[in-house]
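Below: the structure, in structure tokens.
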Amino acid sequence: MRTPARLRAALGAAAALGLLLTACTGGGSGTAPRPTSSGGGEIVVASGLDVTGSDGVRQQLIDAWNLTAEGREHPARLLELPGDADEQRSQLLGSLQSGSADYDLVNLDVTWVPEFAQAGLITPLDGSVDLGAGSDFIPSVAGTAMWKKHVYALPFNSDVGLLYYRPDYLKAAGIDLGNYPSAGTDWQQLRNIIQELATTAPKGYEQGWTTQLASYEGLTVNAVEAFATAGVPLTDADGHYVADPVSLSRGLDELHSRTAYALPAALSSKEPQSLNDFAAGRTAFLRHWPYAYRLLPQSLPAADLAVAPLPGKAVLGGQDLAVSAASPRAAWALKLAEFLTDQGSERCLLDAGFAATRNSAYDDSRVTCPLPHASAPPSASPSPGATTGEGSSMPTDDQHRPQYAAGTLLPALTSAVQRPRTPYYGAFTQALQSVVHRWLTGTGPQDTDKVAAQLDTALRRALSGK
């Protein structure tokens, strides 16, 4: 946000509040020193694209830091990296491995933390940051910032799979919305509901649900959710492979049972395509991330949109802030990370459409977002051809939080599972995608046991670093 003069006083007060809240909630065990490199110059924060749009909430928080006394002395700049997640990861790895001081604070996808930590590219924060059971951070989310019981980052914004649905379609089929959805709804019950929709859905409806099954990270997420629901772990806490062909076959059966009643386009869909198919009415259910809760009201009336926990297990996503091991401004980079993840900042992230990483953002009425424009409409929207609900906006509760935050989003985050924690995550996800996508699309072997054996070989090799 490029701050006009009349907002500077408000943002200055907001930033001061943020620093006060950090002082009240932060702190470590005191067993290790904080980073001490405190050179001058601009603090550069490297990050992927902000889904809340240009000059989105991340930029607004950086601007708020720059208006504080510490921020005026050590200003920060947000640098959004181009390309997709794999390209961003490669750029960050290349820079940090070279010992470059181009980036001081890096916003890492949660699956990258073990790799960067194992390689010594980010600074250990034990003793500087408290992510323990008594902290304000959601425990499941806090786990994404750790590797081998050491803290390497601060949870910035989280993510979790949710199930969006069309109440108008369900009502037309005579389905009692008083009994659906609930946290106990499973995939078989969802399939039964989809079968009931076949004869009552309106023109344009094609199939029951959609998700992201193109050969990219979305497919990995959907597969891990199916495996976890079937009780199939892939690695232990240290990233060692623990599955086998028999258990993998069980997980593949669970995934296949879901795709049998998915929109055919799901096999080539990423997040934007699946969002558009749902908004256009081609399906009644959508597996997507929390930011869709902000986008969909632009295309659907409030009565035609609802969200529930994902049946079975849901996977965590999100990003964590880590201090570059090569930064000459490491001490100030950590102070900035603490500011960006304090209670007030996390409430701003929640209001803007992200999943906040602190419990207090969801359940403490004293915690408010100090930024005046954190809830401005995003620049992105579903497809122009989708049904339009002009003038609609994200539903909020009496505390001006997203209406689903406390009752749906927070429980989903609390019970979510992580993808495999391993420094070889890049090799793991590529191996899984290669085998599973060919199986789902019919371009590879179709016998489930044979596919499971092939997948076992591929994952065993990938997770051993070969």
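Okay, here's what the table says:
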quantity	calculated
Positions within the range 213-243 being of a type in the set (S, T, N, Q) and either under 26 Å from Q189 (Cα atoms) or touching a strand residue (DSSP E or B) at 6+ places or on another chain (Cβ under 7 Å) (or both), in sequence order	T220, N222, T229, T235
Residue in the range 154-171 that is free of Cβ contacts under 8 Å to residues at least 60 places away in the same chain and more than 30 Å from V106 (Cα to Cα) present	yes
Complete set of residues in the range 126-150 that are touching a Leu at 6+ places or on another chain (Cβ under 7 Å), among the hydrophobic types (A, V, I, L, M, F, W, C) and modelled with pLDDT of 95 or more	F137, I138, V141, A142, A145, M146
Check on W209, surrounded by 21 or more Cβ atoms within 10 Å (Cβ to Cβ), in the same structural domain as R438 (by TED's automatic domain parsing) and among the aromatic types (F, W, Y)	yes
Residues within the range 143-177 that are within 30 Å of V113 (Cβ to Cβ) and assigned to a strand (DSSP E or B), tallied	14
Residues (surrounded by 21 or more Cβ atoms within 10 Å (Cβ to Cβ) and either within 10 Å of A325 (Cα to Cα) or without any contact (Cβ under 8 Å) to a residue 60 or more places away in the chain (or both)) located in the range 117-132	A117, L121, I122, T123, L131
Residue within the range 153-165 that is among the aliphatic types (A, V, I, L, M), more than 30 Å from A265 (Cβ to Cβ) and within 23 Å of the chain's Cα centre (by Cα) present	yes
Helices (runs of 4 or more DSSP H) within the range 194-311 that include 1 or more residues polar (S, T, N, Q) and within 30 Å of A427 (Cα to Cα)	217-229, 245-259, 271-279
Residues (surrounded by fewer than 20 Cβ atoms within 10 Å (Cβ to Cβ) and in contact with a Phe, Trp or Tyr (Cβ under 9 Å, 6 or more places away or on another chain)) located in the range 223-237	P233
Qualifying residue in the range 338-353 (condition: surrounded by fewer than 24 Cβ atoms within 10 Å (Cβ to Cβ), among the basic types (K, R) and at pLDDT 95 or above)	no
Sole residue being surrounded by fewer than 20 Cβ atoms within 10 Å (Cβ to Cβ), farther than 22 Å from T185 by Cβ and not polar (S, T, N, Q), chosen from V323, V246	V246
Matching residues in the range 312-326 - criterion: being in a strand (DSSP E or B) and at negative phi	V315, L316, G317, Q319, D320, L321, A322, V323, S324
Residue in the range 68-88 that is within 16 Å of A322 (Cβ to Cβ), basic (K, R) and either at pLDDT below 95 or touching a helix residue (DSSP H, G or I) at 6+ places or on another chain (Cβ under 9 Å) (or both) present	no
Residues located in the range 446-466, provided they are outside any helix (DSSP H, G or I) and under 19 Å from R258 (Cα atoms)	Q446, D447
Residues that are of a type in the set (A, V, I, L, M, F, W, C), within 25 Å of L463 (Cα to Cα) and within 15 Å of the chain's Cα centre (by Cα), drawn from the range 404-441	A416, V417
Complete set of residues in the range 69-114 that are buried (at least 22 other Cβ atoms within 10 Å of the Cβ), under 29 Å from K149 (Cα atoms) and in contact with a Leu (Cβ under 9 Å, 6 or more places away or on another chain)	Q88, L92, L96, Y103, D104, L105, V106, N107, L108, V110, W112
Tabulated pairs, the range 339-363, first within 10 Å of L61 (Cβ to Cβ), second among the acidic types (D, E) and at pLDDT 95 or above, C-beta under 8 angstrom, 6+ apart or interchain	none
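The values are calculated or read from the model by the stated rules, or taken from the named source; none is laboratory data. Since this is a predicted model, take the numbers as computed values, not measurements. Here the Cβ is made from the backbone with ideal geometry for all residues, glycine too, and neighbour counts use every protein chain on show.
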